[in-house]
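Take a look at the structure below.
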Amino acid sequence: MSKKILITGGAGFIGSHVVRLFVTKYPEYTIINLDALTYAGNLENLKDVEGAPNYLFEKINLLDAEALKNVFDKHDITDVIHLAAESHVDRSIVSPLDFVYTNVIGTVNLLHAAKTKWAADYSKHLFYHISTDEVYGALGETGFFTETTPYHPNSPYSASKASSDHFVRAYAETYHLQTVVSNCSNNYGPYHFPEKLIPLFINNIINKKPLPVYGDGLYTRDWLFVKDHAVAIDVIFHNGKAAETYNIGGFNEWRNIDLVKLLCKLMDEKLGREKGESEQLITYVKDRPGHDRRYAIDATKLNRELGWKPSVTFEEGLSETIDWYLANTEWLQHVTSGQYQHYYNKMYTNR
Ligand code: NAD
Ligand code: TYD
C-alpha cells in the first residue's frame, strides 16, 4: 500500500524541510501538507516542490475538528507527521492561551481524527509527533537530557509541548494508536522565521541594526542544522519503534554570546566588512522571564539504534545558512514586510 502522509505545519520552518525531503525522496508516497498559515506559515518556503505530482496542500486549522476528520477521509491518510505548533517562547510568554489551543487542543483533535480513521487496524498506521528538548526543563553546568529525563517544562511553550507529548502517549496506551515521539534541540538553517535568534541576528547584521542579547548572554543552546533534523525524522518515521521516544541533537552546545560573536565574524567576512564591525551591534537587553539556562541533548540512542548522526559541523551549517539568507533577500524582504501572507491567495484561490 502506498503511503498517504499528512504532514502538519509543512509551511513552517522545519515542516517545509520535511515536506521537501519526503516529496522528492519518495515519489511513490502522497504528501498532504496541512497548515493554517499563521504568521509562521509561508508557502514561499515550498515554491520548488509545490508543482510536484505527489504534493497537495490543505489550508486547515487544527482547531477545526470537523475539517480534520474530512481531510483524513478525503485523502485516505495512512500516517501522520505532526509538526504544526506555536513555536516561539517569547510569544508564549505574551499569549500562553494561543499555545494551549494549537499545541494541546490542536494535537488532541489530530489524535482523535487519526484514531477514528484508523480504528479498523491501528497496526498499519503511524502517528509521529515532533517535540522539543525544552520539555525537560533547564540543565545546570553539566549533564544531558536523555529519553528518560523527567519532564520539567518552564515556559508556556514547553508546558504546552509537554502536554501534547503526554496526550500522544495516552492515545498509545489507551487506544493502541501506534505513535512515536522525537524531542529535538534548537534548529537553525534556511527558511527560519526571523524572530528566532539566528535568523533575527543575520537580518539585523545585514541591516546594521542592534543585536539584542538577553541577560548576560551566557545561556547555552544545543544547535542542529535543520536538514539533519529532517533526515532524522525520515529515519525515525521509517525505522523507529512504536511507542518509543528518540532524542535528536548534534552534541553542539554554544553559549549565546559565543554563537553571536561567531555569526558576526562570519558575516563580516561574507559582507566584506571591517573585522569586528558587526560585534559593535551587540546590545545586552532585559532578560526573558523564566529563561532556561542550558539545554543539551544526548542523542546516543538514535545513533546506536537507528544509525543517525549529523552530516555537517556547526561552522559548515552556519556558513550555508548565512549564504542562503544573503542569496534570498527577496524571501527575507517578503517575510519582514508581511508580503508572504498574500502568496496563498495568489497561488491557491483558483485551484
Ligand atoms: P514554525 O513556527 O516555523 O512553524 C509552525 C507551522 O505550524 C506554521 O507553518 C504554522 O502556520 C503552523 N500552525 C501553527 N498553528 C497552527 C494551527 N492551529 N493549525 C494548523 N497549522 C498551524 O515552527 P518550527 O520551528 O518549524 O517547529 C516545528 C515543530 O518542531 C514544532 O512542533 C516545534 O515545537 C518543534 N521543534 C522546533 C524546534 C526549533 O528549533 N524550531 C526544535 C525542536 C522541536
Ligand atoms: P530562540 O531562538 O528564541 O530559541 P529558544 O528560546 O526556543 O531556545 O532563542 C535562543 C536563545 O537566544 C535563547 O537563550 C534566548 C536567546 N535570545 C536572545 O538573546 N535574543 C533574542 O533576540 C532572541 C530571539 C533569543
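Return a whole-number percent for the relative contact order of segment 1-106, with Cα pairs under 8 Å and 6 or more residues apart as the contact set. List each step's numbers first, then the result.
Numbers: 168 pairs, mean separation 34.4, N = 106.
Result for segment 1-106 is 32 percent.
Which entries in 3/25; 4/117; 25/161 show an alpha-carbon gap greater than 22 Å?
Among 3/25; 4/117; 25/161, the Cα-Cα distance tops 22 Å for 25/161.
Grab the Cα-Cα distance for residue 175 and residue 288, subtract it from 0.36 nm times how many residues apart they are, and report the gain in nm with one decimal.
Roughly 36.7 nm would be gained on extension.
Can you compute the charge dipole magnitude of segment 252-351 about its Cα centre, using +1 on each Lys and Arg Cβ and -1 on each Asp and Glu Cβ, nothing else charged? Give it in debye, rounded to the nearest 20.
Details: 15 positive and 16 negative charges, 86 e Å.
The calculation lands at about 420 debye.
So if I restrict to the alpha-carbon atoms in the chain, what is the Rg, and what is Dmax, the biggest pairwise distance, in Å?
Cα only, the chain: 19.8, 65 Å (Rg, Dmax).
Kindly write out, for segment 308-313 in residue order, the coupling ³J(HN,Hα) from the Karplus curve 6.51 cos²θ - 1.76 cosθ + 1.60 (θ = phi - 60°), rounded to whole Hz, with x marking Gly and Pro.
Calculated HN-Hα couplings, in order: 7, 8, x, 9, 10, 7 Hz.
Using R₀ = 45 Å, calculate the FRET efficiency as 1/(1 + (r/R₀)^6) where r is the Cβ-Cβ separation of residue 52 and residue 279; round to 0.05.
0.55
Separation of segment 202-251 and segment 261-296 by C-alpha centroid, Å?
Each part's Cα centre sits 17 Å from the other's.
Can you pull out the GluC sites (Glu not before Pro) in segment 254-351 that DSSP calls coil and that have at most 12 other Cβ atoms within 10 Å?
274
Considering Cα pairs under 8 angstrom that are at least six residues apart, work out the relative contact order of segment 172-328 and quote it in whole percent.
In percent, rounded to a whole number, it is 35.
Hey, what's the Cα Rg ratio for segment 177-329 versus the globular rule of thumb, 2.2 N^0.38 Å?
1.14
Can you sort 174, 8 from fewest to most other Cβ atoms within 10 Å of each residue's own Cβ? It would help to have the intermediate numbers written out before the result.
Working: 174 9, 8 27.
Lowest count first: 174, 8.
What is the Cα convex hull volume of segment 128-205 when expressed per residue in Å³?
With only Cα atoms used, segment 128-205 gives 124 Å³ per residue.
Could you size up the charge dipole of segment 56-213 around its Cα centre, putting +1 on the beta carbon of Lys and Arg and -1 on that of Asp and Glu, and report it in debye to the nearest 20?
On the way: 12 positive and 17 negative charges, 65 e Å.
The calculated dipole for segment 56-213 is roughly 300 debye.
Could you tell me which of 231, 250, 207 has its Cα farthest along the dipole of segment 198-300 towards the positive end, charges placed at Cβ (Lys, Arg +1; Asp, Glu -1), taken about the Cα centre?
207
How high is the relative contact order of the chain, given as a whole-number percent (alpha carbon pairs under 8 Å, six or more residues apart)?
For the chain, the relative contact order is 17 percent.
If you stretched the chain out fully between residue 69 and residue 316, how much longer would it get, using 0.36 nm times the residue separation minus the C-alpha to C-alpha distance?
Answer, rounded to one decimal: 84.7 nm.
FRET efficiency for residue 166 and residue 116, Cβ-Cβ distance as r, R0 = 25 Å, nearest 0.05?
The formula returns an efficiency of 0.80 here.
Suppose every Lys and Arg Cβ carries +1 and every Asp and Glu Cβ carries -1, with no other charges. What dipole size does the chain come out with about its Cα centre, to the nearest 20 debye?
Working: 35 positive and 43 negative charges, 78 e Å.
Using Cβ point charges on Lys, Arg, Asp and Glu, the chain gives about 380 debye.
With θ taken as phi - 60° and the coefficients 6.51, -1.76 and 1.60, list the Karplus ³J(HN,Hα) couplings across segment 46-53 in order, rounded to whole Hz; mark glycine and proline as x.
Working through the residues one at a time gives 10, 3, 6, 10, 5, x, 5, x Hz.
For n ≥ 4 DSSP H runs only, could you compute -39500 (n - 2.57) per run for the chain, divide by its residues and tell me the 222 nm figure to the nearest 500?
Calculated at 222 nm, the ellipticity per residue is -12000 deg cm²/dmol.
Express in whole angstrom the spacing between the alpha-carbon centres of segment 134-149 and segment 70-130.
25
Full extension from residue 303 to residue 330: what is 0.36 nm times the residue separation minus their Cα-Cα distance, to one decimal in nm?
Result for the pair: 5.9 nm of gain on full extension.
Normalised by the empirical 2.2 N^0.38 Å for globular proteins, what value does the Cα Rg of segment 261-351 take?
1.58
Mind listing which GluC sites (Glu not before Pro) in segment 97-183 are in a DSSP loop and have 13 or fewer other Cβ atoms within 10 Å?
141
For residue 265 and residue 141, what does the FRET efficiency come to when R0 = 30 Å and r is the distance between their Cβ atoms, rounded to the nearest 0.05? Numbers along the way, then the final one.
On the way: r = 26 Å, r/R0 = 0.86.
About 0.70, to the nearest 0.05.
Along the charge dipole of segment 1-158, which of 41, 61, 80 sits closest to the positive end, that is, farthest toward it, with unit charges on the beta carbon of Lys, Arg, Asp and Glu (+1, +1, -1, -1)?
Checked the options; the winner is 80.
For each of 101, 325, count neighbouring Cβ atoms within 10 Å of the residue's Cβ, then give the residues from fewest to most.
101, 325
Once the convex hull of the alpha carbons of segment 194-269 is built, what does its volume come to per residue, in cubic angstrom?
Details: hull volume 9.4 nm³, N = 76.
Value for segment 194-269: 123 Å³ per residue.
Values quoted throughout were computed directly from the atomic coordinates according to the rules given, and no laboratory measurement underlies them. Note that the structure is predicted; figures quoted are calculated from it, not measured. Ideal geometry is used to build each Cβ from the backbone, glycine not excepted, and the neighbour counts take in all protein chains shown.
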